[in-house]
Structure formats: C-alpha cells, structure tokens
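Heads up: the structure comes next, in structure tokens.
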Amino acid sequence: MAAPTLLRKVSRVNKNKNMTKVKNKIKSKQLVTNRIRITNNGKVLRRKAFKRHLNSGKSKNRLNRLSRVTEVKKVLARRLRKFLGKVKKGTGK
C-alpha cells in the first residue's frame with residue numbers, strides 16, 4: 001500500500017514551460033479520402049450513386065451511365081478539398 005501513495009506525492013514538472021506553442025496538424029477526413037479523387041488539375045472526381053443493388057430493373061444504358069466517374073460541383077469541391085487539407089494548384093488558398 002505504500003507504493004501508490006509515494007507515486008501520488010511526486011510533483012509533476014511542466015517540461016513545455018519555455019517551449020513555443022505548436023499548432024496541431026489537421027487530420028484529413030478518412031471518409032472523404034475513400035470516396036473522392038483529386039486530379040493534377042485540381043478537379044474533384046466522385047462515383048455516381050444508385051448502382052449498388054436492384055440493378056436488374058435498370059436499363060443497360062442507365063447502368064453504364066451510373067458506372068462513370070463524374071466531377072463534383074465547384075462549391076462542394078472547395079469544401080471537400082478543405083476536408084482533405086489540399087488546395088487548388090496555382091492559388092494560395
């Protein structure tokens with residue numbers, strides 16, 4: 001019983017007292033990284049929805065359209081890039 005009380009009495013010394021503050025790194029949202037791709041030109045690409053199941057009722061033409069990759073709207077693309085911590089090429093924002 002004596003050992004735990006000795007550990008509690010030891011005071012902690014703040015080692016970072018004189019060190020400068022460092023900003024935390026922003027983690028990218030893993031959900032977004034799995035679902036989108038950014039091209040070299042800065043375009044954000046995504047897959048189309050509604051092709052997971054119940055495909056027998058859909059036409060071949062419709063299924064081909066749904067399997068293509070499409071570009072994300074510009075307003076949403078800006079938000080998705082922010083989630084990833086990436087910026088558009090050629091801009092400082």
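Cβ-Cβ distance of Arg79 and Arg52, R₀ of 35 Å, FRET efficiency by 1/(1 + (r/R0)^6): the value works out to about 0.90. Each peptide among 41-48, 64-71, 77-84 gets the average number of other Cβ atoms lying within 10 Å of its residues, and from highest to lowest they stand as 77-84, 41-48, 64-71. Our summary of shape: the Cα atoms of the stretch 29-87 have principal axis extents of 40, 22, 18 Å, ordered from largest down, in whole angstrom. Over 28 Å apart at the Cα level, from the set Lys23/Lys48; Lys48/Lys74; Lys60/Lys82; Lys29/Lys73, are Lys23/Lys48; Lys60/Lys82.
Values in this text are rule-based calculations from the coordinates and carry no lab data. Worth saying up front: this structure is predicted, and the values here are computed from it rather than measured. Positions of Cβ are backbone-derived with ideal geometry, glycine not excepted, and every protein chain shown enters the neighbour counts.
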